[in-house]
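*Asks:* The structure that follows is given in the form of structure tokens.
The values are calculated or read from the model by the stated rules, or taken from the named source; none is laboratory data. Only a predicted model underlies this, so the values are computations on that prediction, with no experimental measurement involved. Every residue, glycine as well, gets a Cβ built from its backbone with ideal geometry; the counts of neighbours run over all protein chains shown.
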Amino acid sequence: MLKNFAKDPRPSRRRFLQGSAAAAAGLTVGFRWNGGMPKFASAAYAADGTLAANAFVRIGTDNTVTVLSKHLEMGQGVYTGLATIVAEELDADWAQIRVESAPADASLYNNLQFGPVQGTGGSSSIANSYDQLRKAGATARAMLVEAAAKDWVVDRAGITVEKGVVSHATSGRSATFGDLAGKAAGLPVPVDVTLKDPGRFTLIGTSVPRVDAKSKTDGTAQFALDVRLPGMLTAVVARPPVFGARVKSVDAAPAKAVKGVVEVVQVPSGVAVVATNFWAAAKGREALNVQWDDAGAETRGTAEIMSEYKALAEKPGMPVRSQGDTAKALAGAAKTITAAFEFPYLAHAPMEPLDCVVRLDGDRCEIWAGDQFQTIDQGNAAAASGLKPDQVRIHTLMAGGSFGRRANTVSDYIVEAIHVAKALDRGTPVKLVWTREDDIRGGRYRPMYYHTLTAGLDVQGRPVAWQHRIVGQSIIGGTPFESVMVKDGVDGTSVEGAANLPYDIPNLAVDLHTTKVGVPVLWWRAVGSTHTAYSTEVFIDEVAHAAGKDPVEFRRALLSHHPRHKAVLELAAEKAGWGTKLPEGKARGVAVHESFSTFVAQVAEITMQPDGSVKVDRVVCAVDCGRAINPDVIRAQMEGGIGFGLGGVLYGEVTLDKGEVLQSNFHDYRVLRIEEMPKVEVHIVPSTEAPTGVGEPGVPPIGPAVANAVFAATGRRVRSLPFTRDQSV
Amino acid sequence: MAVSFVLNGEPVSLDVDPEMPLLWAVREFAGLTGTKFGCGAAQCGACTVHLEGQPVRSCSTPVSSVEGQSVTTIEGISGKAAAAVQAAWQRIEVPQCGYCQSGQIMSAVALLEQTPKPTDDDINSAMSGNICRCATYVRIRSAIHAAATTMEG
């Protein structure tokens with residue numbers, strides 16, 4: 001597998017995770033999937049007749065099939081997708097499928113794209129699990145067939161399996177999986193199994209119902225916030241008003257006077273108020289009197305930081321991609337076009353703010369969380385608690401959204417909870433709850449960026465040169481993994497989507513200035529493509545306009561080496577009626593972008609409002625994610641990605657004044673609401689390519705598609721996000 | 001001081017700080033965790049419950065203010081509109097992460113109880129206070145229309 005990683009041109013998270021795992025003490029599990037099945041080591045299952053054929057599938061005598069998900073379900077539908085793959089090869093009946101979260105154990109459940117790390121991200125869950133889970137399902141099926149053959153004394157070749165029933169036509173025998181589980185459990189696990197011909201798939205490619213739909217409509221779905229343990233206390237933490245400040249002094253007495261407050265403890269991130277319930281903890285925090293030491297803290301404002309970025313952009317940065325002679329081609333161009341783009345900090349703001357439950361007891365640490373980064377969290381939790389990673393047990397619950405926030409290299413919320421638990425009596429479980437204000441002001445934002453682009457056209461209007469400069473913080477920089485992961489001054493997550501621009505332009509240069517700012521940053525759904533798709537797809541539209549060409553035709557002509565980009569572009573344009581006349585006041589814009597090996601094109605139809613704002617009426621989306629496992633989940637992810645991305649470009653910004661975050665809750669960190677959601681039409685490209693992810697790739701194209709529609713309607717380019725800040729809209 | 005009210009049809013008496021928001025009283029003292037905390041400021045609607053049949057934001061409703069009244073949470077909804085909404089939510093597969101959906105459903109049920117055949121504008125007005133960061137809005141709208149159709153039939 002490592003060979004495959006090396007071949008992958010995309011640097012970003014994949015490379016980071018391999019290095020980070022190697023760097024973090026105790027995490028070097030060294031597991032590599034070689035096509036074999038990790039065994040599920042539990043005698044208990046064999047004893048009660050359950051067939052645990054491997055780490056991913058258990059078949060009970062009650063005829064249920066339990067699929068263990070190594071990935072976090074945070075809305076993307078991964079429980080359903082992973083279970084579909086197993087059920088397909090097992091020939092199970094969908095109604096008998098259950099899904100459970102796998103324990104944290106990188107030796108069994110590592111993400112095959114992340115090396116020896118268990119974690120969810122980079123839209124990789126289906127892509128890395130597809131072959132592994134097909135084999136897991138086929139192995140279990142082979143054991144059931146073998147058990148039936150032995151029991152019935154018939155030849156395996158005459159046995160068929162359909163919808164959870166094993167049958168032998170000649171003898172007329174049949175049995176359920178549950179009937180055979182106990183007998184199959186005693187058999188050796190086969191090494192080689194035959195996978196189905198995809199032409200015979202009956203579940204993959206159909207929209208089986210989501211396994212979590214019911215529990216998410218009757219209030220029974222369990223999130224970390226819902227965990228209740230005997231004797232559990234609740235903690236909220238007072239954190240400094242500026243990033244990097246420290247506690248100078250605390251007057252805890254007024255907080256301790258609040259009924260229900262049990263303890264006030266200083267932790268590295270601030271001061272924790274621990275109480276018998278959330279409300280008492282929150283009231284106690286209000287009453288606290290903390291003096292902060294700002295020495296070494298970030299005290300600049302975002303306007304000041306952006307000015308510095310603009311000055312930096314005057315000079316060349318670290319080279320990222322260079323082909324041909326861009327400077328010479330620009331100098332000789334018949335026409336040059338230039339533009340600059342500004343991107344703000346963005347908070348993830350998942351509906352469930354950060355929270356977890358921790359219980360420390362002697363040599364055991366237990367964590368209940370919507371955990372996205374189990375191996376990294378085990379390592380950080382172990383370091384904070386003084387234990388070994390394998391003494392840290394993580395119960396992964398479903399997460400109320402994440403968008404990247406719960407996967408962070410320092411495990412901020414988990415480590416904070418551990419420091420609180422350390423201060424309490426041994427074994428007392430503590431639930432840490434971040435409020436919405438803590439979330440919006442707590443950092444780990446999508447970084448602020450400044451981009452400049454220059455393009456040159458020849459006399460025929462063909463693009464001959466493209467120069468792209470990016471200025472901003474590195475997501476990896478400043479973490480303990482910087483020395484391992486930032487190569488030649490370039491963090492791949494800063495430039496993905498720009499460095500691999502698909503357009504056929506002979507002279508092309510991309511460079512990067514990585515800045516040092518004390519505002520903590522993190523990947524935000526679609527990572528680098530959240531800004532690179534915007535700048536490149538708005539700018540290519542500008543270049544097309546300068547060349548006097550239709551934006552779709554102009555792109556098509558430059559995509560001859562990228563057929564999958566071209567195909568989604570053509571499909572979206574066709575389905576949207578590109579080129580047909582729209583009523584007065586309406587306009588269309590288009591964008592196409594690849595992220596995480598999935599190709600998405602979107603055409604946005606907008607109406608300019610009398611007050612100058614934009615109403616997005618309809619979005620036509622074409623997606624190529626290889627083989628479609630569950631078309632309805634793919635549609636849902638495109639719809640959701642469009643809404644999430646649209647809210648981001650229209651309204652999203654975190655701003656700082658003298659280092660203090662100015663926003664605090666949804667009244668001033670505005671997100672998309674129902675009346676602002678466009679109609680969405682999704683078209684999936686039929687494909688037999690390996691399946692790729694859909695959690696993130698729906699996000700990047702919507703911003704530039706809307707911006708290009710605004711240009712078509714008004715002749716104005718939105719180059720400073722969000723739209724509400726841009727003077728031109 | 002104990003606060004007494006009717007919760008999902010049953011009388012309850014909770015010994016809590018009277019200023020405590022109904023949300024936390026219901027979650028941590030009555031043990032019903034289907035109602036969620038999203039913002040604490042009546043900005044997102046994740047905590048929506050029914051008070052005497054009307055949707056309210058329980059995160060900003062002091063528990064003392066519901067003394068003697070009837071509160072319904074996601075665990076306790078019933079009736080034609082509730083059944084139609086929950087069925088439509090599942091059939092159309094509205095939820096993604098699911099965290100906001102209790103609140104969405106409570107708002108949708110209240111809407112349909114008062115306006116059995118809502119227009120898109122009615123839906124916008126009734127549902128604008130419920131944020132979904134997964135942006136399941138397209139399906140929320142479809143499911144409300146579908147539930148309205150079910151209720152007619």
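*Asks:* Do we find that residue A:618 is in the same structural domain as residue A:495 (by TED's automatic domain parsing), within 30 Å of residue A:545 (Cβ to Cβ) and touching a residue at least 60 places away in the same chain (Cβ under 8 Å) in this structure? Quick ask: steps written out before the conclusion?
*Replies:* On the way: in the same structural domain as residue A:495 (by TED's automatic domain parsing): yes; within 30 Å of residue A:545 (Cβ to Cβ): yes; touching a residue at least 60 places away in the same chain (Cβ under 8 Å): yes.
Spelling it out, residue A:618 is indeed in the same structural domain as residue A:495 (by TED's automatic domain parsing), within 30 Å of residue A:545 (Cβ to Cβ) and touching a residue at least 60 places away in the same chain (Cβ under 8 Å).
*Asks:* Go over the candidates A:259, A:315 one by one and state the one that is surrounded by fewer than 17 Cβ atoms within 10 Å (Cβ to Cβ), assigned to a loop (DSSP other than H, G, I, E, B), at pLDDT 95 or above and out of contact with any Asp or Glu (no Cβ under 9 Å at 6 or more places or on another chain).
*Replies:* A:315
*Asks:* Considering (1) assigned to a loop (DSSP other than H, G, I, E, B); (2) in contact (Cβ under 8 Å) with a residue 12 or more places away in the chain; (3) of a type outside the set (A, V, I, L, M); (4) within 14 Å of another protein chain (Cβ to nearest Cβ), say which one residue A:681 fails and leave the rest.
*Replies:* Single failed check for residue A:681: (1).
*Asks:* Another one. Within the stretch A:209-225, how many residues turn out to be under 21 Å from residue A:632 (Cα atoms), in contact with a Phe, Trp or Tyr (Cβ under 6 Å, 6 or more places away or on another chain) and more than 7 Å from chain B (Cβ to nearest Cβ)?
*Replies:* The number of residues fulfilling the criteria is 1.
*Asks:* Okay, next question. Starting from residues that are charged (D, E, K, R) and more than 17 Å from residue A:602 (Cα to Cα), keep the ones in the stretch A:549-586 and report whichever is modelled with the lowest pLDDT.
*Replies:* Of everything passing the filter in the stretch A:549-586, A:584 is modelled with the lowest pLDDT.
*Asks:* Of the numbered conditions (1) more than 13 Å from every other protein chain (Cβ to nearest Cβ); (2) buried (at least 19 other Cβ atoms within 10 Å of the Cβ); (3) assigned to a loop (DSSP other than H, G, I, E, B), residue A:206 fails exactly one; give the number of that condition.
*Replies:* Here residue A:206 clears every test but (2).
*Asks:* Here's something else I'd like to know. Just to confirm my filter: which strands (runs of 3 or more DSSP E) fall fully inside the stretch B:1-51 and include at least 2 residues that are under 14 Å from the mean Cα position of the chain (by Cα) and surrounded by 22 or more Cβ atoms within 10 Å (Cβ to Cβ)?
*Replies:* Qualifying strands (runs of 3 or more DSSP E): B:48-51.
*Asks:* Quick check on the stretch B:84-102: of everything there that is in a helix (DSSP H, G or I) and at the interface with chain A (Cβ under 8 Å from one of its Cβ atoms), which residue is farthest from residue B:23 (Cα to Cα)?
*Replies:* B:90
*Asks:* Would the stretch B:114-134 turn up any residue that is touching an Asp or Glu at 6+ places or on another chain (Cβ under 8 Å) and closer than 30 Å to residue B:11 by Cβ?
*Replies:* no
Conditions tested, residue by residue: (1) over 19 Å from residue A:346 (Cα atoms); (2) in contact with a Cys (Cβ under 7 Å, 6 or more places away or on another chain); (3) among the hydroxyl-bearing types (Ser, Thr, Tyr).
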residue: A:643; (1), (2), (3): no, no, no
residue: A:646; (1), (2), (3): no, no, no
residue: A:652; (1), (2), (3): no, no, no
residue: A:655; (1), (2), (3): no, no, yes
residue: A:658; (1), (2), (3): no, no, no
residue: A:662; (1), (2), (3): no, no, no
residue: A:669; (1), (2), (3): no, no, yes
residue: A:673; (1), (2), (3): no, no, no
residue: A:687; (1), (2), (3): yes, no, yes
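*Asks:* Is it the case that the stretch B:58-77 has a residue that's aliphatic (A, V, I, L, M) and assigned to a loop (DSSP other than H, G, I, E, B)?
*Replies:* Yes: the stretch B:58-77 contains one or more residues that are aliphatic (A, V, I, L, M) and assigned to a loop (DSSP other than H, G, I, E, B).
*Asks:* Pull up the stretch A:657-705, narrow it to residues that are surrounded by 21 or more Cβ atoms within 10 Å (Cβ to Cβ) and of a type in the set (Asp, Glu), then point me to the one that is farthest from residue A:128 (Cα to Cα).
*Replies:* Once the filter is applied, the top-ranked residue is A:676.
*Asks:* For the subset of the stretch B:117-153 comprising residues that are in a loop (DSSP other than H, G, I, E, B) and either more than 9 Å from chain A (Cβ to nearest Cβ) or touching a Lys or Arg at 6+ places or on another chain (Cβ under 6 Å) (or both), which member is surrounded by the fewest Cβ atoms within 10 Å (Cβ to Cβ)?
*Replies:* If we take residues in the stretch B:117-153 being in a loop (DSSP other than H, G, I, E, B) and either more than 9 Å from chain A (Cβ to nearest Cβ) or touching a Lys or Arg at 6+ places or on another chain (Cβ under 6 Å) (or both), then B:153 is surrounded by the fewest Cβ atoms within 10 Å (Cβ to Cβ).
*Asks:* Looking only at the stretch A:171-217, which residues are closer than 30 Å to residue B:74 by Cα and either of a type in the set (D, E, K, R) or in the same structural domain as residue A:53 (by TED's automatic domain parsing) (or both)?
*Replies:* Scanning the stretch A:171-217 gives A:210, A:212, A:214, A:216.
*Asks:* While we're on this one: Would you say residue A:511 is in a loop (DSSP other than H, G, I, E, B) and assigned by TED's automatic domain parsing to the domain that holds residue A:468?
*Replies:* no
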